[in-house]
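A.B. asks: Take a look at this one; I'll ask things after.
No lab work stands behind these numbers, since they all come straight from the coordinates. Owing to the predicted nature of the structure, the values given are computational and were not obtained by experimental measurement. Here the Cβ is made from the backbone with ideal geometry for all residues, glycine too, and neighbour counts use every protein chain on show.
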Amino acid sequence: MSSVIYGMLKEEKKRNLELQELYLNEIESLPKGSIILKNISGNDYYYLKHWSNNKANMGYLGKNEELVEKVRVGIKRRKHLQEVIKRLKLEYKEICKVVKD
């Protein structure tokens, strides 16, 4: 294999790891779980439900539609980043088959 291609693969391996770390850090700041709507006495209330230590937890979001939408966007971003990290890990595995250092 030419040294140019090998060098590019080494750089890509490094870039891949940096992106994985960057995305993992971003995921930590994003909400996890799903938004639940409950109708109580004719009023709608939103909750954020997620699992932690094999236990379901629900956090009250209230009635504020803007807050609920912001959380919804954060959850969507988190899921997207999880998929991206999954692909990056597969790519990293393939690069490691070629670049052994």
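A.B. asks: If the only charges are +1 at each Lys and Arg Cβ and -1 at each Asp and Glu Cβ, what is the size of the charge dipole of the range 3-98 around the Cα centre, to the nearest 20 debye?
C.D. replies: It works out to roughly 320 debye.
A.B. asks: Below 19 Å, Cα to Cα, which aspartates and glutamates can K89 reach? Residues fewer than 8 away in the same chain don't count.
C.D. replies: The reachable aspartates and glutamates, counting only those whose Cα sits under 19 Å from K89, are E11, E12, E18, E21, E26, E28, D101.
A.B. asks: Which entries of K76/K100; K10/K32; K13/K79 have Cα-Cα distances beyond 25 Å here?
C.D. replies: K76/K100; K10/K32
A.B. asks: What is the P(r) of the range 3-98, as percent of Cα-Cα pairs per 5 Å bin from 0?
C.D. replies: Using 5 Å bins, I get a P(r) of 2, 12, 17, 16, 13, 10, 9, 7, 6, 4, 2, 1, 1, 0, 0 for the range 3-98.
A.B. asks: Only helical DSSP H runs with n ≥ 4 go in: add -39500 (n - 2.57) per run for the chain, normalise by residue count and round the 222 nm mean residue ellipticity to 500 deg cm²/dmol.
C.D. replies: Dividing the helical sum by the residues of the chain leaves -22000 deg cm²/dmol.
A.B. asks: Next question. Under the Karplus relation 6.51 cos²θ - 1.76 cosθ + 1.60, θ = phi - 60°, what is the ordered set of whole-Hz ³J(HN,Hα) values for the range 9-20, x standing for Gly and Pro?
C.D. replies: Result, rounded to whole Hz: 5, 5, 5, 5, 4, 5, 4, 4, 5, 5, 5, 4.
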